[in-house]
């Protein structure tokens, strides 16, 4: 029994698997012929053992039986491993072969236990087997079948570049040594040492148990998702990809011949989504080129620790909004206990449903967190973004006079503001909500923008409070004109 390394499969975009240039039908035919030859050797040994009562010969027959069973598992594995992933088995069907091998290991243990029990009874109640020249001829014939099988399978394995054939041929060659030890034991029995038969039987039973242990060592790690690939081997490939600044959480699972890899790569936050996708695809293709990898998942993140200036951060936010299909109206950053919070107003197409708009805004928030990692939390506000020109209805003379008078009264109490002018007061057509007010006002050119914003906000709030008909005010501040 040995580990089965099946031909590698590569995933392509349309969802199918393509095999390497290797004639699988020839490999299957070699396995079928090898299986039949192993069963033939098993039959010769078991029949001879039953007629002579030689336990060691029966035990050797059991070893040949499991050689044939291993060929059957190899055939089943070639069939199962060739099936592409589906909805119920997204990682493929390779573990079915692992489960089959695990079942065989328990059968090996059971056989070993029974052989040891039979050998113990033979020790307690000695009974010399009937060894004659015909039994020796039968055993030599069986060894000849094994030798021919090993030679045939090894040559075919090298010709077809099949690891499973080569490995199984080498194991069959090792089984010939077991048969040789049985033959030596029968010679000792013939010479007057009947205890040699149960002793050789115990040794073969332990050999069979060792095969079962080897199978457990190889199959259990697959079932418990032990990493089949050294992370350093993956790291050596990923760090060669241009654009990858760092990577982490490198993981692999599955059997060595069909491993699935997933990892997180970090790239510059200045990269566009398209550039990031191309870098991730380069990582994926390089890892798929490894002999033992059949599936790769790459998670893209922005490189942490990138020191973006406020201007660069704002440019990033606007660029991401454009790529997602949104407009960014207003932003505000706040820092609390070391964490940076973003409050942003995003404009969406008015024709969208609430669900569609929410999906766009959620996509924007996730992209921002990936590409600007120093932003810890994002609060979004959905607004309508429209490129249509809306018809307005001019305000009555009474409202215009009231607005201008109250505005001048408010500004009179704020010495830094002067000369309110170019008033625009209107109501949107088909709307009864109230009036929209816009005007310009002078302020000193050296006034800090934060202070100027506070003054404008104060005017907007007080004007809405004093005139209930006004629902929105926009104050445009500008420095005094120089002539």
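The numbers here are math on the coordinates, done by the rules we state, and not lab data. Just so it is clear, the model here is predicted, and its values are computed rather than measured. FYI the Cβ positions are ideal-geometry reconstructions off the backbone, even for glycines, and counts take in every protein chain you see.
Given a Förster distance of 60 Å, report the FRET efficiency between residue 239 and residue 397 from their Cβ-Cβ distance, rounded to the nearest 0.05.
0.25
Within the range 432-470, name every residue whose backbone N is under 12 Å away from a label modeled 7 Å from Cα of residue 416 along the Cβ vector.
Residues 443-459 qualify, since their backbone N sits under 12 Å from the label point.
Can you give the extra length, in nm with one decimal, that the chain gains between residue 180 and residue 147 once fully stretched, where that is 0.36 nm per residue apart less the Cα-Cα distance?
So the extension gain works out to 10.7 nm.
Starting with the highest mean, order 31-38, 239-246 by the number of other Cβ atoms within 10 Å, averaged over the residues of each peptide.
31-38, 239-246
Find how much the distance from residue 323 to residue 446 grows on full extension, using 0.36 nm per residue of separation minus their present alpha carbon separation; answer in nm with one decimal.
Length gained, residue 323 through residue 446: 40.6 nm.
Residue separation times 0.36 nm, minus the C-alpha to C-alpha distance between residue 314 and residue 404: what's the value?
This chain segment gains 28.8 nm when fully extended.
Sort 281, 295 by Cβ crowding within 10 Å, fewest neighbours at the top.
In order of increasing Cβ crowding within 10 Å: 281, 295.
If you average 1/r over every pair of different alpha-carbon atoms in the range 392-478 and take one over that average, what Kirkwood value in Å do you get?
Result for the range 392-478 stands at 13.2 Å.
Kirkwood hydrodynamic radius for the range 310-384: how many Å is it when counted over pairs of different Cα atoms?
12.5 Å
Pop a pseudo-label 7 angstrom from the Cα along the beta-carbon direction at both residue 50 and residue 334 and give the gap in nm to one decimal.
In this crude label model, residue 50 to residue 334 measures out at 8.7 nm.
Can you order the peptides 415-425, 359-369, 198-208 by their average number of other Cβ atoms within 10 Å per residue, highest first?
Packing order, densest peptide first, comes out as 198-208, 359-369, 415-425.
In whole percent, what relative contact order does the range 231-302 give with Cα contacts below 8 Å and a gap of six or more residues?
Rounded, it is 36 percent for the range 231-302.
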